[in-house]
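Colleague: Encoded as structure tokens, here's the structure I'll be asking about.
The values are calculated or read from the model by the stated rules, or taken from the named source; none is laboratory data. What you see is a predicted model; the values in this text were computed from it and never measured. Counting neighbours? That spans all protein chains shown, and the Cβs are built from the backbone with ideal geometry, glycine included.
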Amino acid sequence: MKFLIVIVGPTAVGKTSFSIEIAQFFNTEVVSADSRQVFKELEIGTAKPTMEELEQARHHFVNSHSIHEELNAGDFEREALLLLDELYEKYDVVVLTGGSGLYVKALTDGMAEMPQVAAEVREQLKKEFAETGLEGLVEELKGKDPEYFEEVDVNNPQRVIRALEIIRGTGTKYSELRKDNKKQRPFHIIKIGLERPREELYERIDLRMDQMISEGLFEEAESFHKFKHVNALQTVGYKEIFDYLEGTYDYDEAVRLLKRNSRRYAKRQLTWFRKDDETKWFHPKDKKAVLSYIKQQMAEER
């Protein structure tokens, strides 16, 4: 009998260290479900596990792809399932962790089959984005599909455009098409959510951002400025600095926005993960209680 222990939660809650401890307990490996840590060129702004942490437990889908490769949730589902087939030849338990809700959902539940939409719909959306920016498209999504708006990373043009492409092309809400598509997997899934009181979490987010900046986040973003159109860089932590480099606002405002947008992203992550009734929530310090819960769930399946 094979088990996938899924550990989710907002940015800066402490998923990496917690997942390593769980992986060490079960003497297994970690699969990352983070849509940015997968890119080998990006270091500081993605809050990757440190070299020391990577040595404590083997991680997959960290530094595995280039920013110049397209990787979406469907690609992740396919590649991760193949990886799990290999890992389950060696282990009965594998740990999946990350804050990219769509990646987690893709692997645990499967991706919904989306209808074909005329190419000109997407081309029109891309044209609008290029000419007037993301703000208008985000407002349209908010009005036409408020449920998905509450979950999506509104700083990610690919996600916003994809949803509007479906909405405009089919007349159906993107959130509706993503429901009721759960696929059966050949392993049992145990879902753990990590949470902290809001003030505690927000303080950790601000401190992490200060640390990233001191480690050279602005310099890292500047080195990738010429690739800012790449989807991997259309995200919190880089987009704000690109705007600063282009004179949209000053350094202090860039730092304020980096922290504010990171907190907003954490809120959206929690909104997404809390909709899953199968997730059991714990404070990251409650490792003993988590292990007890996991063992109980395993015993019930056996």
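Colleague: Testing Leu141 on (1) part of a helix (DSSP H, G or I); (2) in contact (Cβ under 8 Å) with a residue 40 or more places away in the chain, one condition comes back false. Which one is that?
Modeller: Failing condition for Leu141: (2).
Colleague: Only one of Ile166, Ile213, Ile241 is at pLDDT 90 or above, over 30 Å from Lys285 (Cβ atoms) and in a helix (DSSP H, G or I). Can you tell me which?
Modeller: Numbers: Ile166 fails: at pLDDT 90 or above; Ile213 fails: over 30 Å from Lys285 (Cβ atoms).
Result: Ile241 is the single residue among Ile166, Ile213, Ile241 that is at pLDDT 90 or above, over 30 Å from Lys285 (Cβ atoms) and in a helix (DSSP H, G or I).
Colleague: Going by the structure shown, is Glu199 without any contact (Cβ under 8 Å) to a residue 60 or more places away in the chain and in the same structural domain as Ser17 (by TED's automatic domain parsing)? Walk me through it before giving the result.
Modeller: Working: without any contact (Cβ under 8 Å) to a residue 60 or more places away in the chain: yes; in the same structural domain as Ser17 (by TED's automatic domain parsing): yes.
In short, yes.
Colleague: Can you tell me which residue is farthest from the chain's Cα centre (by Cα) among those in region 25-37 that are within 21 Å of Ala47 (Cα to Cα) and outside any loop (DSSP other than H, G, I, E, B)? Can you show your working first?
Modeller: Filtering region 25-37 down to residues within 21 Å of Ala47 (Cα to Cα) leaves 29-37.
When the remaining residues are screened for being outside any loop (DSSP other than H, G, I, E, B), the result is 30-32.
Details: Val30: 15, Val31: 13, Ser32: 9 Å.
Residue satisfying both the conditions and the ranking: Val30.
Colleague: Scan region 244-259 for residues that are of a type outside the set (Val, Ile, Thr) and exposed (fewer than 15 other Cβ atoms within 10 Å of the Cβ) and jot them down.
Modeller: Residues of region 244-259 that are of a type outside the set (Val, Ile, Thr), as a first pass: 244-247, 249-254, 256-259.
Matches in region 244-259: Leu245, Glu246, Gly247, Tyr249, Asp250, Tyr251, Asp252, Glu253, Arg256.
Residue-wise test of (1) in contact (Cβ under 8 Å) with a residue 60 or more places away in the chain; (2) in the same structural domain as His60 (by TED's automatic domain parsing).
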{"position": "Lys90", "(1), (2)": "no, yes"}
{"position": "Val95", "(1), (2)": "yes, yes"}
{"position": "Gly98", "(1), (2)": "yes, yes"}
{"position": "Lys105", "(1), (2)": "no, yes"}
{"position": "Glu123", "(1), (2)": "no, no"}
{"position": "Ala130", "(1), (2)": "no, no"}
{"position": "Glu135", "(1), (2)": "no, no"}
{"position": "Pro146", "(1), (2)": "no, no"}
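Colleague: In region 49-83, how many residues are of a type in the set (Ser, Thr, Tyr), surrounded by 14 or more Cβ atoms within 10 Å (Cβ to Cβ) and closer than 16 Å to Glu21 by Cα?
Modeller: Residues in region 49-83 being of a type in the set (Ser, Thr, Tyr), surrounded by 14 or more Cβ atoms within 10 Å (Cβ to Cβ) and closer than 16 Å to Glu21 by Cα: 0 in total.
Colleague: Output the residues belonging to region 265-302 that are part of a strand (DSSP E or B) and within 30 Å of Lys142 (Cα to Cα).
Modeller: Of all residues in region 265-302, those part of a strand (DSSP E or B) come to 279-282.
Listed by number, the residues that qualify are Thr279, Lys280, Trp281.
Colleague: Scan region 28-41 for residues that are farther than 18 Å from Ile192 by Cα and surrounded by fewer than 23 Cβ atoms within 10 Å (Cβ to Cβ) and jot them down. Working first, answer last.
Modeller: Here is the first cut: in region 28-41, the ones farther than 18 Å from Ile192 by Cα are 35-41.
Residues satisfying the conditions are Arg36, Lys40, Glu41.
Colleague: Now a separate question. Do you know which residues across region 166-216 are under 30 Å from Glu123 (Cα atoms) and not charged (D, E, K, R)? Spell out how you get there, then give the answer.
Modeller: Restricting attention to region 166-216, the residues satisfying the condition of being under 30 Å from Glu123 (Cα atoms) are 166-181.
Listed by number, the residues that qualify are Ile166, Ile167, Gly169, Thr170, Gly171, Thr172, Tyr174, Ser175, Leu177, Asn181.
Colleague: Being buried (at least 17 other Cβ atoms within 10 Å of the Cβ) and in a helix (DSSP H, G or I) is the filter; apply it to region 84-104 and report the residue that is modelled with the lowest pLDDT.
Modeller: Ranking the candidates gives Leu102 first.
Colleague: Then there's this: Determine whether Glu150 is touching a Lys or Arg at 6+ places or on another chain (Cβ under 9 Å), of a type in the set (Asp, Glu) and closer than 24 Å to Ser262 by Cα. Full working, then the answer.
Modeller: Values: touching a Lys or Arg at 6+ places or on another chain (Cβ under 9 Å): yes; of a type in the set (Asp, Glu): yes; closer than 24 Å to Ser262 by Cα: yes.
Against the criterion (touching a Lys or Arg at 6+ places or on another chain (Cβ under 9 Å), of a type in the set (Asp, Glu) and closer than 24 Å to Ser262 by Cα), Glu150 qualifies.
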